[in-house]
Amino acid sequence: MSFFVYRRRIQFYETDAQGIVHHSNYFRLFEEARGEFLRQAGLPYRKLREEGYDVVLLEASCSFKKPLFYDDLVEVYLSLEEFKKYTFSFAYEVKVEADLKAQGFTRHCVVKNSKIVAIPQILKSTVEDFLQDTKRTPPSSQKDRF
């Protein structure tokens with residue numbers, strides 16, 4: 001399975017009173033990784049919206065393994081879990097220096113004119129082609145996600 005890696009440094013405002021990244025910020029990392037993934041694949045979210053499509057989050061989960069701290073350089077490994085006619089999903093691994101900190105999952109659908117529609121071919125082919133071109137293997141097994 002191929003994957004995309006999004007990297008960035010944890011900011012102070014993302015931490016709580018204990019100096020640990022607040023749990024809600026992991027979902028922001030997932031969203032940032034998805035946005036950058038689409039941008040680098042050549043289909044930024046803005047372009048989808050210009051075509052009248054919106055990507056809607058249906059489900060999100062995160063399993064917290066170890067805490068993240070201010071100034072950590074995180075890598076979010078994003079992989080495509082599945083593409084169905086109306087939904088698609090991603091898996092995530094959040095790491096610092098190859099140390100697994102969290103694993104997550106999101107499921108999405110696409111709407112146009114306030115109605116769920118089949119996944120547009122441009123989205124499906126762009127995502128699959130981009131991941132196929134990476135030809136990399138994820139650092140750990142997705143079956144261990146939860």
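Bear in mind these aren't lab numbers, they're just calculated from the coordinates by the rules spelled out. Just so it is clear, the structure is predicted and the values come from calculations on it, not from any experiment. Counting neighbours? That spans all protein chains shown, and the Cβs are built from the backbone with ideal geometry, glycine included.
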Just name the residue that is nearest to Leu78 (Cα to Cα) out of those in the range 15-33 that are without any contact (Cβ under 8 Å) to a residue 12 or more places away in the chain, out of contact with any Asp or Glu (no Cβ under 7 Å at 6 or more places or on another chain) and part of a loop (DSSP other than H, G, I, E, B).
-> Asp16
Filter the range 34-54 down to residues that are in contact (Cβ under 8 Å) with a residue 40 or more places away in the chain and among the hydroxyl-bearing types (Ser, Thr, Tyr), then give me how many there are.
-> 1
Qualifying residues in the range 72-126 (those that are among the hydroxyl-bearing types (Ser, Thr, Tyr) and under 16 Å from the mean Cα position of the chain (by Cα)) - the one farthest from Val55 (Cα to Cα) = Tyr77
Within the range 1-29, the residues that are surrounded by fewer than 18 Cβ atoms within 10 Å (Cβ to Cβ) and aromatic (Phe, Trp, Tyr) are Phe12, Tyr13, Phe27
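A quick yes/no check of all residues on (1) in a strand (DSSP E or B); (2) closer than 30 Å to Gly19 by Cβ:
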| site | (1), (2) |
| --- | --- |
| Gly35 | no, yes |
| Arg39 | no, no |
| Lys47 | no, no |
| Ala60 | yes, yes |
| Asp71 | no, yes |
| Ala91 | yes, yes |
| Ala102 | yes, yes |
| Ile122 | no, no |
| Phe130 | no, no |
Taking the range 108-128 and the residues there that are farther than 21 Å from Gly42 by Cα and in contact (Cβ under 8 Å) with a residue 12 or more places away in the chain, the one that is surrounded by the fewest Cβ atoms within 10 Å (Cβ to Cβ) would be Asn113
